[in-house]
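These notes concern the structure reproduced below.
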Amino acid sequence: MQLVVARIGRAHGIKGEVTVEVRTDEPELRLGPGAVLATDPAATGPLTIESGRVHSGRLLLRFEGVRDRSGAEALRNTLLIADVDPDAPPEDPEEFYDHQLIDLDVVLADGTEIGRITEISHLPSQDLFIVERPDGSEVMIPFVEEIVTEIDLEEQRAVITPPPGLIDESEAVVVSSRDEEAESEGAAEKTDEAPKGDA
């Protein structure tokens, strides 16, 4: 099975390095020196990783045969794809592949059905479950330990404890900026109305 493990970003420096947006929980395994990756578009690859390093919090890669900035820029926005055994679990027992999570039932701790995971959205800050509800609407659930308390692959379900308003918007506590402005203006008026003492 093929999984997208990274997207190539801008060229870095003049020696062929590129920044990459990592899309795997196992970058050391998938994006290490010597790894041969398929690409999308296919004509760009396959690419063999020559070296990698972290610079200012971002992963930089250099590929065999890419020696200058123009060669690196030509790879921009290319997706890097790894062949993965679909039955092999990730090394970390707390991590999961997207294909393991798609179609899981999402339920509350008391068993209340919320919906079914239809997509995983990988954002820079966190991953999101896109969950289709029984009425056809969608809800986005951050894949963080505080909210997703259990992934049970045998039972094919994800157990969540959502904060108020995540699932049911009527439970949300919303304070609009307009209300805050009105309150601060009211406070300012009261200050102006305060009696002035003799100077």
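The values are calculated or read from the model by the stated rules, or taken from the named source; none is laboratory data. Since the structure is predicted, the reported quantities are computational estimates derived from the model, not experimental observations. No Cβ is skipped: glycine too gets one built from the backbone with ideal geometry, and neighbour counts run over all protein chains shown. The accessibility values were calculated without ligands, DNA or RNA, using every heavy atom of the protein model including side chains. Shrake-Rupley method; radii C 1.70, N 1.55, O 1.52, S 1.80 Å.
Scan region 113-145 for residues that are more than 12 Å from the chain's Cα centre (by Cα) and touching a residue at least 24 places away in the same chain (Cβ under 8 Å) and jot them down. Of everything in region 113-145, those that are more than 12 Å from the chain's Cα centre (by Cα) and touching a residue at least 24 places away in the same chain (Cβ under 8 Å) turn out to be I114, G115, I117, V131, V139. Considering region 95-148, and only residues there that are of a type in the set (D, E) and part of a loop (DSSP other than H, G, I, E, B), the residue that is surrounded by the most Cβ atoms within 10 Å (Cβ to Cβ) turns out to be E95.
Within region 118-132, the set of residues being over 15 Å from P162 (Cα atoms) and modelled with pLDDT of 90 or more comprises T118, E132.
Hey, could you check region 49-62 for residues that are open to solvent by less than 40 Å² (accessible area, probe 1.4 Å) and under 24 Å from H122 (Cα atoms) and say which is farthest from the chain's Cα centre (by Cα)? It would help to see each step written out before you state the result.
Filtering region 49-62 down to residues open to solvent by less than 40 Å² (accessible area, probe 1.4 Å) leaves 49, 51, 59-61.
Of the ones still in play, those that are also under 24 Å from H122 (Cα atoms) are 49, 59-61.
On the way: I49: 24, L59: 16, L60: 19, L61: 21 Å.
So, considering only residues that are open to solvent by less than 40 Å² (accessible area, probe 1.4 Å) and under 24 Å from H122 (Cα atoms), the one farthest from the chain's Cα centre (by Cα) is I49.
Quick test of your reading of the structure: A82 fulfils all but one of (1) touching a helix residue (DSSP H, G or I) at 6+ places or on another chain (Cβ under 7 Å); (2) in a loop (DSSP other than H, G, I, E, B). Name the failing condition by number. All conditions pass for A82, except number (2). Scanning region 32-62 for residues that are β-branched (V, I, T) and closer than 15 Å to V22 by Cα yields a total of 3. Only residues that are part of a strand (DSSP E or B), under 20 Å from E73 (Cβ atoms) and aliphatic (A, V, I, L, M) were counted in region 23-40, giving 1.
Please go through region 18-31 and give me each residue that is under 24 Å from D98 (Cα atoms), touching a strand residue (DSSP E or B) at 6+ places or on another chain (Cβ under 7 Å) and either of a type outside the set (K, R) or open to solvent by 50 Å² or more (accessible area, probe 1.4 Å) (or both), ordered by number. Correct list: T19, V20, E21, V22, R23, T24, P27, L31.
Restricting to region 7-20, what's the tally of residues that are of a type in the set (A, V, I, L, M) and touching a helix residue (DSSP H, G or I) at 6+ places or on another chain (Cβ under 8 Å)?
The number of residues fulfilling the criteria is 3.
Here is a yes/no grid of residues against (1) at negative phi; (2) at pLDDT 90 or above; (3) open to solvent by 70 Å² or more (accessible area, probe 1.4 Å):
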position	(1), (2), (3)
V5	yes, no, no
R10	yes, yes, yes
G16	no, yes, no
L37	yes, yes, no
A74	yes, yes, yes
T78	yes, yes, no
A88	yes, no, no
